[in-house]
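In what follows, a structure is listed as structure tokens, so that the remarks can point back to it.
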Amino acid sequence: MSSQTKRLFNPFSQVNNPNGTVTRDPFVDNQIPQSLISPVARNLFAGTSIYPLPLTAANANNWNGADRQNVGQNMGDLKVDYVVSSKDNLTVRFSMGETDDITRDAMRVNPTAPGISTSKSGVLSWNHTFSSSILNEARAGVNRTKTTSLTADTGGIGNFAEKLGIPGGNSPGPGLPLLIVSDVNLLDEIWPDAGAFYVMS
């Protein structure tokens, strides 16, 4: 935050003045001291394998990477033709397949939702010859497709929330709970007399 032009103030130094105004002490060099930073936040950004170092000197949009996608498809058919008589033929066909679509985010901490699609189909066909000019075909078929897409720990970070120090953070499953830092400029509108301060938890 030292490169920010807006002044940062210590929210724990708040003083309510007799005239109704509120004042706070500014942080030295516009830097929040380590003692006021949550150990969870320190652990979160300590490992560059999870949050890589910035590629530029900008304060925002300073890193980019390429996602990876693997698509695997397996399909198979089984067909049987049976001559019942000189006038009747039966054909049975069964097909099945599976498509796995796995996308991995460039940022390991961001989970993705791999998709698995399975398909099955069957056809029964009967051909009957009534005469040299009349041929009848009766056909019945069925198709079934199932698609599943569930958010998964595709980055392989495991119980990362508990490693950071968030008790019970992985009770729903592996990964990291969603952490949101809202627009800090809004704080100036809520407390215009106190100056700007930032909160991360």
Check: Assuming R0 = 25 Å, what is the FRET efficiency of Ser149 and Leu55, from their Cβ-Cβ distance, to the nearest 0.05?
Finding: 0.20
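If the only charges are +1 at each Lys and Arg Cβ and -1 at each Asp and Glu Cβ, what is the size of the charge dipole of the chain around the Cα centre, to the nearest 20 debye? Walk me through the numbers on the way to the answer.
Details: 15 positive and 17 negative charges, 95 e Å.
That gives a dipole near 460 debye.
Can you tell me which of 135-144, 21-30 comes out highest on packing, and rank the rest after it, using the mean Cβ neighbours within 10 Å? Show your work: numbers first, answer last.
On the way: 135-144: 9.7, 21-30: 13.8.
Peptide ranking by packing, descending: 21-30, 135-144.
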Note to self: Could you give the length gained by full extension between Ala138 and Thr99, i.e. 0.36 nm per residue of separation minus their alpha carbon distance, to one decimal place?
What the structure shows: 10.9 nm
Notebook entry, point to check: Mind checking the alpha-carbon convex hull of the chain and giving the volume per residue in Å³?
Noted result: 217 Å³
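In the chain, how many lysine pairs have Cα atoms under 23 Å apart, counting only pairs 8 or more places apart or on different chains? All intermediate terms of the calculation are to be shown ahead of the outcome.
On the way: Lys79/Lys87; Lys79/Lys120; Lys79/Lys146; Lys120/Lys146.
Close lysine pairs found across the chain: 4.
Going by average Cβ neighbours within 10 Å, how do the peptides 42-49, 91-98 rank, with the highest at the top?
Those peptides, ordered most packed to least, come out 91-98, 42-49.
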Check: Could you give me the ³J(HN,Hα) list for segment 102-119, computed from phi with Karplus coefficients 6.51, -1.76, 1.60 and θ = phi - 60°, whole Hz, x at Gly and Pro?
Finding: 10, 10, 10, 5, 4, 8, 4, 6, 8, x, 10, 10, x, x, 10, 10, 10, 9
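When ranked by the protection proxy of mean other Cβ atoms within 10 Å per residue, highest first, what sequence do the peptides 51-58, 123-130 form? Write down the numbers at each step before the final one.
Working: 51-58: 10.6, 123-130: 14.0.
Ranking the peptides 51-58, 123-130 by packing returns 123-130, 51-58.
Want the number for Ser38 to Val83: 0.36 nm per residue separation, take away the alpha-carbon distance, what's left? Let's see the in-between values first.
Numbers: separation 45, 0.36 × 45 = 16.20 nm, distance 7.76 nm.
So the extension gain works out to 8.4 nm.
Given Cβ point charges of +1 (Lys, Arg) and -1 (Asp, Glu) and nothing else, what value in debye, to the nearest 20, does the dipole of segment 1-112 about its Cα centre take? Intermediate values should be presented prior to the final figure.
Values: 10 positive and 10 negative charges, 95 e Å.
Here segment 1-112 has a charge dipole of around 460 debye.
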Note to self: Compute a Gaussian network model of the chain, connecting alpha carbons closer than 10 Å, and tell me which residue from Gly165, Gly173, Gly65 fluctuates the most.
What the structure shows: Gly65
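Every read-out reported here was derived from the displayed coordinates using simple, explicitly stated rules and does not represent laboratory data. Keep in mind that this is a model prediction, so the values were computed, not measured. Ideal geometry is used to build each Cβ from the backbone, glycine not excepted, and the neighbour counts take in all protein chains shown.
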